[in-house]
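The values are calculated or read from the model by the stated rules, or taken from the named source; none is laboratory data. The structure displayed is predicted, hence computed values, not measured ones. Cβ placement follows ideal geometry from the backbone for every residue including glycine, while neighbour counts extend to all protein chains displayed.
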Amino acid sequence: MQPEIDIGPLTLQTFGLCFALGFIAAGAVLAKRFTELGSPPDWAYELIFAGLVGGLIGAKLDFVIQNPGEPFFSGSGLVWFGGVVGGAIGVLAWAKWRGIHGWQIADIAAAPLALGYAIGRVGCQLSGDGDYGIPWDGPWAMSYPRGPCQRLKMFTRLPSTRR
């Protein structure tokens, strides 16, 4: 785990770096794809921005709905499913505005979406407080001993599934 990188007086969060890198990498792949399709490569960054804004709003709204009383404007609290829905709405609205119809937008966005998601998940691993799921004691299991779920005791340990 390497949640932060200190460069002199500047502290960078590894999750934030990977978050940004995921969007930049997806934008680069999209720009190449739009060029191949004969569309302006600048559309890639419009699409990325629409997905970013929609995804952040959706992820934060989902968090606030699940955690009443939490402030909307804070540095934490993003829920993946809300981000997917919000990002999809943002991208579909952009596609309609640009006249891209039907499954064509899904075809254009599939590979960049997978790339951006993979880079973002690396950020979750680096920060050490993401990728929670059902506790498991299998050979590939990992734990975050100082992650927020352990600090807040949000999850309980399930019995082992091994026989």
Next item on the list: Kindly check whether there is at least one residue in the stretch 52-68 that is over 14 Å from Ile108 (Cα atoms) and among the basic types (Lys, Arg).
Entry: yes
Checklist line | the stretch 74-89 - residue that is among the small types (Gly, Ala, Ser) and within 14 Å of Phe49 (Cα to Cα) and, of those, nearest to the chain's Cα centre (by Cα) | finding: Gly83
Next item on the list: For the stretch 19-40, name all the residues that are over 16 Å from Ser76 (Cβ atoms) and touching a residue at least 24 places away in the same chain (Cβ under 8 Å).
Entry: Leu21, Gly22, Phe23, Ala25, Ala26, Gly27, Val29, Leu30, Arg33, Phe34, Leu37
Next item on the list: Output the number of residues of the stretch 1-18 satisfying the condition of being of a type in the set (Gly, Ala, Ser) and either in contact (Cβ under 8 Å) with a residue 24 or more places away in the chain or assigned to a helix (DSSP H, G or I) (or both).
Entry: 1
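Checking the conditions here, which among Leu152, Leu113, Leu92 is modelled with pLDDT under 90 and either over 15 Å from Gly22 (Cβ atoms) or within 14 Å of the chain's Cα centre (by Cα) (or both)? Quick ask: steps written out before the conclusion?
On the way: Leu113 fails: modelled with pLDDT under 90; Leu92 fails: modelled with pLDDT under 90.
Answer to the selection: Leu152.
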Check: Which of the following residues is in a helix (DSSP H, G or I) and either of a type in the set (Lys, Arg) or within 17 Å of Gly123 (Cα to Cα) (or both): Leu21, Leu78?
Finding: Leu21
Next item on the list: Name, by its number, the condition in (1) out of contact with any Gly (no Cβ under 6 Å at 6 or more places or on another chain); (2) at pLDDT 95 or above that does not hold for Gly86.
Entry: (1)
Notebook entry, point to check: Quick one: is Trp43 more than 18 Å from Arg121 (Cα to Cα), touching a residue at least 24 places away in the same chain (Cβ under 8 Å) and touching a Leu at 6+ places or on another chain (Cβ under 6 Å)?
Noted result: no
